[in-house]
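**Q** Here it is, the structure, as structure tokens.
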Amino acid sequence: PALAITLALTFLSIAGVPPLIGFFSKWWILLSGITYQYYLVSILAVICSVVAGVYYVRIVKIIYFQADSFFLVGLKTLREKKRINFRKSLLIGASFYLMGFMIISPNLLLQLAHWATVGLF
């Protein structure tokens, strides 16, 4: 269940669902495109984001609501009990923690990005 929750949150973040960090990144990119009058590129980015979001939400729907079938994977593979080693569980936990932390306080990430940008010049 923890792996499914983490995978679902990752896909929803990539799709740009509003409380997750992927929404903020897409928001800043689209806002910059509109600010600098790149309207066609912004519209194309929104269309691509919607199309990709449909596929990501479809995968999340399959994970939670279609337990007996999964595209490209057989039932035997799904029903096997698999163990996740310590490294993978640590990586999954850290990414889940960072996504949750960025929902609560995205200012830290923005400040780090600002410092990195200022450090380049």
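**Q** Run down 76, 61 and say which single residue is modelled with pLDDT under 85, part of a helix (DSSP H, G or I) and over 25 Å from residue 96 (Cα atoms).
**A** None of the others qualify; the one that does is 76.
**Q** From 97, 55, which residue is more than 18 Å from residue 6 (Cβ to Cβ) and modelled with pLDDT under 90?
**A** 55 is the lone residue from the list that is more than 18 Å from residue 6 (Cβ to Cβ) and modelled with pLDDT under 90.
**Q** Filtering the stretch 1-15 down to residues that are closer than 18 Å to residue 58 by Cβ and among the small types (Gly, Ala, Ser), which residue is surrounded by the fewest Cβ atoms within 10 Å (Cβ to Cβ)?
**A** Out of the qualifying residues, it is 4.
**Q** So residue 37 clears everything in (1) at pLDDT 85 or above; (2) of a type outside the set (Asp, Glu); (3) assigned to a helix (DSSP H, G or I) except one condition, right? Which one?
**A** (3)
**Q** Only one residue in 43, 29, 34, 47 is more than 15 Å from residue 9 (Cα to Cα) and surrounded by fewer than 12 Cβ atoms within 10 Å (Cβ to Cβ), so which one is that?
**A** 47
**Q** Right, next: Answer yes or no: is there a residue in the stretch 16-23 that is exposed (fewer than 13 other Cβ atoms within 10 Å of the Cβ), modelled with pLDDT of 90 or more and not polar (S, T, N, Q).
**A** Within the stretch 16-23 (the criterion being exposed (fewer than 13 other Cβ atoms within 10 Å of the Cβ), modelled with pLDDT of 90 or more and not polar (S, T, N, Q)), the answer is no, since none of the residues qualifies.
**Q** Still on this structure: I'm trying to understand the selection: among the residues of the stretch 83-94, which are surrounded by 10 or more Cβ atoms within 10 Å (Cβ to Cβ) and modelled with pLDDT of 80 or more?
**A** 88, 89, 90, 91, 92, 93, 94
**Q** Look at the stretch 64-73 and say how many of its residues are among the aliphatic types (A, V, I, L, M) and at pLDDT below 60.
**A** Matching residues across the stretch 64-73 total 2.
The values are calculated or read from the model by the stated rules, or taken from the named source; none is laboratory data. For clarity, every value in this text was computed on a predicted model and none was experimentally measured. Ideal geometry is used to build each Cβ from the backbone, glycine not excepted, and the neighbour counts take in all protein chains shown.
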